[in-house]
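Notes follow once the structure below has been shown.
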Amino acid sequence: MKIVHISAECYPVAKVGGLADVVGALPKYQNMLGETSSVIMPFYDITFTKKNEFESIYEGNIVLDEESHPFKILKPVDFLLGFDLFLIDIPELLFKDYIYSFDDSNRFLAFQIAALDWILTLKEKPDTIHCHDHHTGLIPFMLQESFKYEALNKIPVVTTIHNAQYQGCFSHDKVNLIPKFDFTNVGLLDWNGTINPLASAIKCAWKVTTVSPSYMEELKSAANGLESLLSNEHEKCVGILNGIDTNVWNTETDTFITKQYSIASSIAGKKANKKELCDTFNLNIKKPLFAFIGRLVDEKGSDLFPEAFDIALKNNDISILLLGSGDHETENELEALKTKHKGNYNAYIGYDEKLSHNIYAGTDFLLMPSRVEPCGLNQMYSLRYGTIPIVRSIGGLKDTIVDITDNGFGFTHQHASVKDICIAIERATAFYKDDVNFKKTRKHIMNIDHSWDNSAKKYIELYKSLNN
C-alpha cells in the first residue's frame, strides 16, 4: 500500500511541537511493516535545509491571487529518514526562516495546491493520502470538489487532528484562491462565517482521527467551536493513541545524554545524568528534581507555574528545572524566580533538543498540568527514560498514566490549578523518600511499551478498510 503523509512539520526537518514527532515516526514504522509510506512538507529556510543537499524531481507552477508561483519538488540527496521525504519549494511563500506566522492562509493553501498538482502527475497514485492538522485541511475538500483534481477523488483521505484549538480560519474573500469547484458546495468550507480548514477537513475526509481515544471524546464537548460538527460526524471519527520513536528515544543509544544506560543500569545512569543537570544549573543532586519541558502557553498550564513553583519550593525540599518558551509575561515571572529560589530553581527560556533529552534522562519527575493535551508525547518520553510523570488526567495523559494509588506508576490530578500542582508535587516528594518503591517504579516504567508498532498497525488497518 502506498501512503502519502502531508504535513507542515516533520522531525528532524522542522519541529515546533508533537506534530513533527508523529510525522517523523509514523511513516517509518509503516514502512517497517511492509508498506510504502512517504512525507510531503514545505521547504523552509531553516537549519536542515541549509545543511543538506537536495535534488529537484519536479517543477510546476501555481497561480494564487492572479500571481504566478513557480515551485519545485525537492528530495534530500543523502539524508536517510526511513521514508521518502519530498519538500515543496515555493520561494516567495514557503522558504522562510520560520514555520508559522500570524497569517499563513496563502502560504499553506499554496503548499496544498502544489502537493496535489504534483500527485496528479504521478504514474503511480497513492492508495491513501493522510493529512495532518489544519495546515493541510483543505486537501480533503479539493480532492472531493475541485474540478482540477477529479482524477484523484477516489483516493481515500484521512485527516488527523493533533490539536483542535488551531483551525486556520480565514475570510471568504479568499475563496477564489481555491481551485474551481461547484459553488453550491461552498458550505463544505464554511464554519461560523469563515473558511475553516479544520472544519472542512472533518466534513470531507473519509476518516477523521485524533491522537488519543480520550481526546476524541473530549472534543465532542470542548473543541473550540467544533463540538457539534464532531458529534454529527462521530461515525467516521476514531481516536488512535500516538506512539513514540523508540529508536530516537532510547537511553542505550541516545547520543544527546551524558551517560547512556539500560534498565539494568538505570540507577547509575540516571544519577550521572542528574549530576550533569544539577552541575549545569546549580541545583542540589540530593533533592528530588522536578522538570517541565514544553511551550509556555495556557493550554499547557504554564501560567500556573510562577505561583505553583514559588509555593512548592517554599514548602518542600526540592529542585525545579524548566525548559520552554512562549508567553513573555510567564517567561519574565519564571526568570524572576531564579533569584528568589537560587540553588533550588532554574530555567532555560528557549528550546534545545539536546537539553530536552538530558532533562528526561536526569530528572526525577516530569510536570504536565495541561488544560488541553490531545495525546502528549512528553509523558511517554519520560517513562522511557525512567522519569515519573505528574499529569493532569485529561486527553492522552488520561490514556497513558495511571496514578500510583491505583496500582499505577505516576501521579495524576483532576484540575489545572496551582493547588492541584502543589499537592501532586508533595505526593511525589513523599514517594521519592521511599527509596525501594521509587527505584522499583523507575524500572517498571522503562518497560512500558509506547512504541509506534501498535499505532502504525491500527492506521494501516484503517487505510485498508477504506480501500476495500
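Between the Cα long axis of helix 305-315 and the first principal axis of the chain there is an angle of about 10°, rounded to the nearest 10.
Pairs exceeding a 21 Å alpha-carbon distance, out of Lys236/Lys398; Lys236/Lys300; Lys207/Lys464: Lys236/Lys398; Lys236/Lys300. Here the calculated FRET efficiency for Arg295 and Asn468, from their Cβ-Cβ distance with R0 = 41 Å, stands at 0.55, rounded to the nearest 0.05.
Taking each DSSP H run with n ≥ 4 as -39500 (n - 2.57) and averaging over every residue of the chain yields -11000 deg cm²/dmol at 222 nm.
Here the chain is treated with +1 on each Lys and Arg Cβ and -1 on each Asp and Glu Cβ, and its dipole about the Cα centre works out to around 1640 debye.
For Tyr58, the amide hydrogen comes within under 5 Å of the amide hydrogens of Ile73, counting only partners 5 or more places away or on other chains and with H modelled in the peptide plane.
For region 266-449, the Cβ-based charge dipole about the Cα centre amounts to some 840 debye (Lys, Arg positive; Asp, Glu negative; other atoms uncharged).
Cβ crowding within 10 Å, taken as a proxy for footprinting-reagent exposure, orders Met368, Met32 from fewest neighbours to most as Met32, Met368.
Straight-line cross-link reach from Lys338 at under 18 Å between alpha-carbon atoms covers these lysines, not counting any fewer than eight positions away in the same chain: Lys287, Lys314.
Per residue, the convex hull spanned by the Cα atoms of region 266-449 amounts to 101 cubic angstrom. Between region 421-441 and region 10-57, how far is it from one alpha carbon centroid to the other, in angstrom? Cα centroid to Cα centroid, the span is 39 Å. Our summary gives region 266-449 a relative contact order of 22 percent, counting only alpha carbon pairs under 8 angstrom and 6 or more residues apart. Helix 418-432 axis versus longest C-alpha principal axis of the chain: approximately 60°, rounded to the nearest ten. Each of Leu377, Pro389, Pro288 was scored by the projection of its Cα onto the charge dipole of region 266-449, and the greatest displacement toward the positive side belongs to Pro288; charges sit on the C-beta of Lys, Arg, Asp and Glu. Close amide H contacts of His413 (hydrogens built in the peptide plane, cut-off under 5 Å, sequence separation of 5 or more or a different chain): Val391, Arg392, Ser393. Taking other C-beta atoms within 10 Å as the exposure proxy, Tyr215, Tyr381 rank Tyr381, Tyr215 from fewest upward.
Two numbers describe the Cα atoms of region 142-272: Rg and Dmax, which are 21.1, 67 Å.
Going from the residue with the fewest nearby Cβ atoms within 10 Å to the one with the most, Tyr261, Tyr348 rank Tyr348, Tyr261. Kindly work out what percent of the DSSP beta bridges joining two residues of the chain are antiparallel, to the nearest 5. Rounded to the nearest five, the antiparallel share is 25 percent. Karplus-based coupling profile of region 401-416, in residue order and whole Hz: 10, 10, 5, 4, 6, 9, 6, x, 8, x, 10, 10, 9, 8, 10, 7, with θ = phi - 60° in 6.51 cos²θ - 1.76 cosθ + 1.60 and x standing for Gly or Pro.
Taken together, the values in this text are just the output of simple stated rules run on the coordinates, not laboratory data. Computed from a predicted structure; not experimentally measured. As a convention, Cβ positions derive from the backbone with ideal geometry for all residues, glycine included, and neighbour counts pool all protein chains shown.
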